[in-house]
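Heads up: the structure comes next, in structure tokens.
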Amino acid sequence: MNAAGNPTAQTQLAINGRDYRLDADTRTTLLDALRTHLGLTGSKKGCDHGQCGACTVLVNGRRVNSCLTLACMHDGDEIVTIEGLGKPGQLSPLQEAFVRHDGFQCGYCTPGQICSATAMIEEIAAGWPSHVTDDGTGKPQLTVEEISERMSGNLCRCAAYPNIVDAILEAAGGKRA
């Protein structure tokens, strides 16, 4: 219990290859734990309802809206934020492609877009079909339609979508059709 009488939990989080021990209210979202408690401010709080994707992080390799999940639910999980995908001077190929293709304007949604796209590329490589995959029995192809469908949970108020798609296609070795 904290001073206000609310329940707290000690949670072990492995974030970007580093271990953290968090002692926080059990109602603390993963997003608030990252930003407020641990100072990892790359993930953004947009809508706080899981509708915009600005808070997307990777949990055990899968994309998660960190505003919709509680930090204490991820005890022992491997979490990767935008800070763990690359750093100045050592950007990931996807981050470099976003820069080359101007896949951002204001940049607010960019961390979530890049985290989501990182997982999306792995989903396609693993053969996971989406709603628009032509043949649910074969390997999905990296197409504009697949990318648009799979990235539909990440909104960009600046409408940089064509550049985002081009960046993803380049980083994943695809071509715009």
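The alpha carbon centroids of segment 73-98 and segment 101-129 are separated by 11 Å.
When the Cα positions of 15, 76, 31 are compared along the charge dipole of segment 8-84, 31 comes out farthest toward the positive end, with charges on each C-beta of Lys, Arg, Asp and Glu.
Full extension of the segment from residue 48 to residue 141, taken as 0.36 nm per residue of separation minus the current Cα-Cα distance, would add 30.3 nm. Pop a pseudo-label 7 angstrom from the Cα along the beta-carbon direction at both residue 159 and residue 125 and give the gap in nm to one decimal. For the pair residue 159/residue 125, the computed spacing is 3.4 nm. Think of segment 93-171 as a dipole: +1 on every Lys or Arg Cβ, -1 on every Asp or Glu Cβ, centred on the Cα centre; then among 105, 152, 117, 105 lies furthest on the positive end.
Spin-label point model (7 Å from Cα, Cβ direction): what's the residue 73 to residue 105 distance in nm? About 3.3 nm separates the two model spin labels. Please compute, over every Cα-Cα pair in segment 8-84, the percentage with a separation greater than 21 angstrom. Of all Cα-Cα pairs in segment 8-84, 13 percent lie more than 21 Å apart.
Averaging over all projection directions, the Cα-based convex hull of segment 93-171 occupies 4.6 nm² in the image plane.
Inter-label distance, residue 36 to residue 132: 3.7 nm, where each label sits 7 Å from its Cα along the C-beta direction.
Taking the Cβ of residue 63 as the centre, find all other residues whose Cβ is under 12 Å away and add up their charges (Lys, Arg: +1; Asp, Glu: -1). If you can, show how the numbers build up before the last one.
Values: positive: 62, 150; negative: 122, 123.
After counting each charged neighbour, the total is 0.
Against the chain, whose longest principal axis comes from its Cα atoms, helix 161-171 is set at around 90 degrees.
At 222 nm, what value in deg cm²/dmol follows for the chain if DSSP H runs of at least 4 each add -39500 (n - 2.57) and the sum is divided by all its residues, to the nearest 500? Display every interim value, and only then the final one.
Numbers: 5 runs with 46 residues, N = 177.
Computed ellipticity for the chain at 222 nm equals -7500 deg cm²/dmol.
The angle separating the long axis of helix 110-125 from the principal Cα axis of greatest extent in the chain is about 60 degrees. With R₀ fixed at 25 Å, the C-beta to C-beta distance from residue 14 to residue 152 puts the FRET efficiency at about 0.30.
None of the figures in this text is laboratory data; all of them are computed from the coordinates on show. This structure is a prediction, so every number in the text was calculated from the model and none was measured. Methodologically, a virtual Cβ is constructed for each residue, glycine included, from the backbone with ideal geometry; neighbour enumeration extends over all protein chains shown.
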